[in-house]
Amino acid sequence: MRYLTYCITIYLLLTNCNTNSADEESRITLEPTSESIYIKLGKREINETALSQYFSDKDSNYLALLNDKYNSIDIYNLDKKVLSYKIRIEKEGTNAFIGKFGFIIKNLDTIVLISNWPPSVAIINTEGKITKRISCEKDENGKFLPFAIPLRGLNGIIKGDILNIVNELSIRQYTGKFTASDHKLLKIVTSVNLKQGNVKILPLDYPEKLIDKDVFNMSKCWEKGYDDNFIFSFSILSDLFVTQDFINYREIPLETDHELKLPENMFKYATDLQGFLNYEKETDAIKDILYDKFRQYYYILIRKHEQELNNNEEYILKNTLYPDCFIIILDKDFKHISEINFPKGVYYFNNMFITKEGLYISEDHVDNPIYSEDALRFRLFKVSKK
């Protein structure tokens, strides 16, 4: 009897510890702080961008922005709050790099450009000089490679000398549905060896769940996370797909308190841009996945559907560029921790980055009372307990 009492006591103690631990995790949130970054912009600099990247090099912290308007990469020193490099990407001449491009920066000596058409990769220096080109129109087996436009959420990921790039699905989108034949034929990722120049399509398939679904205008995003996991999301599916070997997935349901309204049957908008933009406002979508390696959390950025629809064209365009979003926080094992809502018209979620200090989110929303096209502003959010 004494032994039974002892076992029950130990069980209750352990259960209470586990419950307390779970409760502690569930109280985690992101709180805005009084700390911020302000950078005065000069001529031919912009605060609206489709791609940004934080990196550190030579004991300095940098933020690189894609400047579509002036076809450049603008690199700001976050410690000094100044523009350090403005790298002009030439479209003509021997140093030209053609196509809609993105970039991934390994360090200031290795800035990698990725073009979706023609599929190609180039390495440049901070003066914009191309030091190496790699044609990616076909892989080592002669297979054709259509790259996705490598912007936010779809940018290349570098590990060592290997650059991994997400492939495009648009060639098949014109038929609307994703067929079983497409599933056998099409792969998601191409790897490029930046040192040797080898190009290889990896064997990772699209999820079987996509078969027979309308994938027209389906968006994707991905991120490299804890324990060398690569995490994918597809806008018409509510799951995350995780791989380490680019052969098999683990399928993980995305837990959320929000009732997600995912897009479907979008092929009917193939020739109706206005109709598509209207419909998009009625749906939710994973816009980006960010991994916080300093705190081992994932921040899943979700574009919210509009509660009250407005058919004004100017309103629709603005809310396409500056959507209302919320963040789902997951732990390193993809367990739901909490969800963070934000006030409307304050934050510009296309420009976010993570440092040792926390998560910085741009305050350059056009409806923000402090907005100015002549400045970059970021608010620091820190993980805290409720």
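Each reported figure results from applying straightforward, stated rules to the coordinates on display, with no laboratory input. Remember, predicted model here, so these are calculated numbers, not experimental data. With ideal geometry, Cβ positions are generated from the backbone for all residues, glycine too; neighbour counts draw on all protein chains shown.
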Report summary line: Per 10 angstrom bin, beginning at 0 and ending with the bin that holds the maximum distance, the Cα pairs of the chain fall in percents of 4, 21, 31, 27, 11, 3, 2, 1, 0
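Take each uninterrupted DSSP H stretch in the chain, measure its Cα extent along the helix axis, and return the ones at 20 Å or beyond whose mean Kyte-Doolittle hydropathy is at least -1.0.
Details: long enough: 2-26 (36 Å, -0.11).
For the chain, where a helix must reach 20 Å along its axis and average at least -1.0, the hits are 2-26.
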Query - In sequence order, calculated HN-Hα J values of segment 132-144 (Karplus, 6.51, -1.76, 1.60; Hz; x Gly/Pro) - result: 7, 10, 9, 6, 10, 5, 9, 8, 5, 9, x, 7, 6
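State which entries of 81/382; 106/344; 224/268 exceed 25 angstrom in Cα-Cα distance in the structure shown.
Values: 81/382 21 Å; 106/344 35 Å; 224/268 34 Å.
From the list (81/382; 106/344; 224/268), the Cα-Cα distance tops 25 Å for 106/344; 224/268.
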Query - Long-range amide H partners of residue 348 with built H, under 5 Å - result: 362, 363, 364, 365
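Using the number of other C-beta atoms within 10 angstrom as an exposure proxy, rank 43, 159 with the fewest first.
Details: 43 6, 159 11.
Ranked by crowding around the Cβ, least crowded first: 43, 159.
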Report summary line: Simple spin-label estimate for residue 246/residue 370, 7 Å along Cα→Cβ, in nm, reads 4.3 nm
Report task. Please arrange 386, 268, 304 by counting, for each residue, the other beta carbons lying within 10 Å of its beta carbon, fewest first. Result -> 386, 268, 304
Requested in this report: Go from 0 up to the bin containing the longest alpha carbon distance in segment 56-215, width 10 Å each, and give me the % of pairs per bin.
Outcome: 10, 37, 31, 16, 6, 0
